[in-house]
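The next block holds one structure in the form of structure tokens; read it before the comments.
The values are calculated or read from the model by the stated rules, or taken from the named source; none is laboratory data. Quick caveat: nothing in here was measured; it's all calculated off a predicted structure. Positions of Cβ are backbone-derived with ideal geometry, glycine not excepted, and every protein chain shown enters the neighbour counts. Surface accessibility is based on the protein's heavy atoms, side chains included, excluding ligands, DNA and RNA. Shrake-Rupley method; radii C 1.70, N 1.55, O 1.52, S 1.80 Å.
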Amino acid sequence: MKNHIALFEPLMPANTGNIARTCAATNTALHLIEPLGFSTDDKMLKRAGLDYWHNVEIYYHKNLDAFMEWLGERRLYLITKFTPHVYSEVNLADESVEEQVFIFGKETTGLPIEFMEAHQDQCLRIPMNDEHVRSLNLSNTANIIIFEALRQQQFKGLEKVHHYRDTEKARQLEW
């Protein structure tokens, strides 16, 4: 199963950079829905230390309509706090699904209300104490969701044990 993370009009390059690193580490495709609140030109990426950007399968969409056109029959989940459906109670390893996409809203305003209303059954939330915190950080939220999906998928295609390449160092670190 192929996982995708889509960011609707992201504003903060640090959040997008953190999510891009997660995507590179987990073989997850990243979709950026414009307009963006920052530049992704090579100079800006290098300055931000995003030297792994070339390892990210990345797609740009001119707007939400263009993204939805690309989406086609892929399974879509909207991540929002405005739903009773908890992310961990959904089967994110459904073998009948070839690709699934998790879309996250803009840091300041989230996803458009009309869009969420049109896709109510596809909305998922992370339980939290809404009385004390308005929302979780975007990159933290994306990590929680993608790693739950990967956990349910048995971390297929990911390294579960890391072996030291330097055998002398490995001998020194043996338990």
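Key figures
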quantity: Candidate set: the range 49-76, residues that are within 15 Å of the chain's Cα centre (by Cα) and among the aliphatic types (A, V, I, L, M); chosen: the one farthest from PRO112 (Cα to Cα); calculated: VAL56
quantity: Residue in the range 108-117 that is touching a helix residue (DSSP H, G or I) at 6+ places or on another chain (Cβ under 8 Å) and assigned to a loop (DSSP other than H, G, I, E, B) present; calculated: yes
quantity: Looking only at the range 81-110, and only at residues there that are aromatic (Phe, Trp, Tyr) and either open to solvent by 40 Å² or more (accessible area, probe 1.4 Å) or touching an Asp or Glu at 6+ places or on another chain (Cβ under 7 Å) (or both), the one that is modelled with the highest pLDDT; calculated: TYR87
quantity: One residue from TRP53, TRP70 being open to solvent by less than 80 Å² (accessible area, probe 1.4 Å), closer than 24 Å to LEU36 by Cβ and touching a His at 6+ places or on another chain (Cβ under 7 Å); calculated: TRP70
quantity: Counted residues, the range 123-135 - those being in contact with a strand residue (DSSP E or B) (Cβ under 7 Å, 6 or more places away or on another chain) and surrounded by fewer than 18 Cβ atoms within 10 Å (Cβ to Cβ); calculated: 2
quantity: Qualifying positions in the range 4-38 - open to solvent by less than 10 Å² (accessible area, probe 1.4 Å) and assigned to a strand (DSSP E or B); calculated: HIS4, ILE5, ALA6, LEU7, ALA29, LEU30, HIS31, LEU32, ILE33
quantity: Matching residues in the range 41-72 - criterion: being at pLDDT below 95 and either closer than 13 Å to GLU9 by Cα or among the acidic types (Asp, Glu) (or both); calculated: ASP41, ASP42, ASP51
